[in-house]
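Here is the structure we will look at.
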Amino acid sequence: MSDTIDAETGEHDWREAGDAWGHQAADWACLFEQYADEVITAIHQRVGIDDAVRALDIGCGSGLAIRRAAASGASMAGIDAAEALIEIARDRNPGADIRVGSMFELPWADESFDAITSINSIWGGCADALGEAHRVLRPGGRIGLSFWGDGTPNDLRGCFKAFARNAPVTHLNGMRRLNDIATPGVAEDMLVDAGFGVLERGARVSTLEWPDAEIAWRALASIGPAVPAIRQAGREHMKGEVLRAIRDCEGRDGAYRFRNDHQFVIAEKPSATS
Ligand SMILES: C[S@@+](CC[C@H](N)C(=O)[O-])C[C@H]1O[C@@H](n2cnc3c(N)ncnc32)[C@H](O)[C@@H]1O
């Protein structure tokens, strides 16, 4: 998520966003990233990931979507603002073209890719990133985006709210704009404005599981929006708030299980003849 868009100026500091998302890179990669399993499967089927395509994952983080696509035989590229996450993505995907950089200035030529994915990385206010995606996708190619929905189940909402409550007000205003994308029609309008034709909107339930409270905290503290809250309120304070917010998700075995509404939209770049 590009979580450093200034609510008033619309300016975005991608390096700052990358620093936040990479601040506990191993915890993100080992404990959180699998939240996306269900939408990655749905999106890959719909954008046609197979051994005949060259595809790009925008905001690839530590590279789960790249791993899955590469396992289907696709030739993969990825880009993310977080250097620490990119290091992990490269280790995991030695054959892929994975770069540190901004989704607002993609370092690839026009029409380089047959398919593009972006898993929870393009949000409200990121319209220019879709313009870049349109440029590097070939005519007739498909794009699939995912983002958290605002429906049910929503087990992580209490935790996200705890981080938001404790973040500086300026940061909070920027977050509200990003989360606009959960409103039905917003992602579709952004895609149409960038020149795509929308094909489908769908949803999956994302599942996350951690074996105990300490690991749950480490996983949740690894997300980008944890950084401003921890900086402002302190790590111990945030740990207490977050563990209180998630206590209903603790099972009788002491493990924490979370289910969340995860939305996706699939769109196509019109072919030259259409
Ligand atoms: C919610 S994480 C998702 C990461 C990955 N897609 C996944 O699902 O595991 C959002 C990602 O967007 C990246 N990001 C934020 N702003 C960016 C920008 N302007 N350009 C490239 N990546 C950006 C962050 O570094 C972070 O890795």
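The numbers here are math on the coordinates, done by the rules we state, and not lab data. This one's a predicted model, so the numbers in the text were calculated from it and none came from an experiment. As a convention, Cβ positions derive from the backbone with ideal geometry for all residues, glycine included, and neighbour counts pool all protein chains shown.
One table, with the values for the structure above:
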{"item": "Backbone N under 17 Å from the GLU200 label point (7 Å along Cα→Cβ), restricted to the range 134-173", "result": "141-147"}
{"item": "Pairs of Cα atoms farther than 36 Å apart, the chain, %", "result": "10"}
{"item": "Least to most buried among TRP21, TRP217, TRP108 (fewest other Cβ within 10 Å first)", "result": "TRP108, TRP217, TRP21"}
{"item": "Listed peptides 78-88, 58-68, 160-170 by packing density, highest first (mean Cβ within 10 Å)", "result": "58-68, 78-88, 160-170"}
{"item": "For q = 0.21, 0.22 Å⁻¹, Debye-computed log10 I/I(0) when each Cα of the range 1-123 counts as one equal scatterer", "result": "-1.21, -1.31"}
{"item": "Tilt relative to the chain, helix 37-47 - C-alpha long axis, 0 to 90 degrees, to 10", "result": "10"}
{"item": "Theoretical ellipticity at 222 nm over the chain - DSSP helices of four or more residues, -39500 (n - 2.57) apiece, nearest 500", "result": "-11000 deg cm²/dmol"}
{"item": "The chain: relative contact order in percent, alpha carbon pairs under 8 Å with at least 6 residues between", "result": "25"}
{"item": "Per residue convex hull volume, Cα atoms of the range 107-154, in Å³", "result": "85"}
{"item": "FRET efficiency, 1/(1 + (r/R0)^6) with R0 35 Å, evaluated for SER271 and ARG231 via beta carbons", "result": "0.15"}
{"item": "Nearest-ten-degree value, helix 127-136 long axis tilted from longest Cα axis of the chain", "result": "40"}
{"item": "Label-point gap, in nm, between ALA26 and ALA109 - each point 7 angstrom along Cα→Cβ", "result": "4.1"}
{"item": "Using a Förster distance of 35 Å, the FRET efficiency for THR152-ALA127 (Cβ separation, nearest 0.05)", "result": "0.80"}
{"item": "Rounded to the nearest 20 debye, dipole of the range 121-180 from Cβ charges on Lys, Arg, Asp, Glu", "result": "20"}
{"item": "Unit charges on C-beta of K, R, D, E only; dipole of the chain, Debye", "result": "520"}
{"item": "Gain upon complete extension [ALA255, ARG15; 0.36 nm per residue less C-alpha separation]", "result": "82.9 nm"}
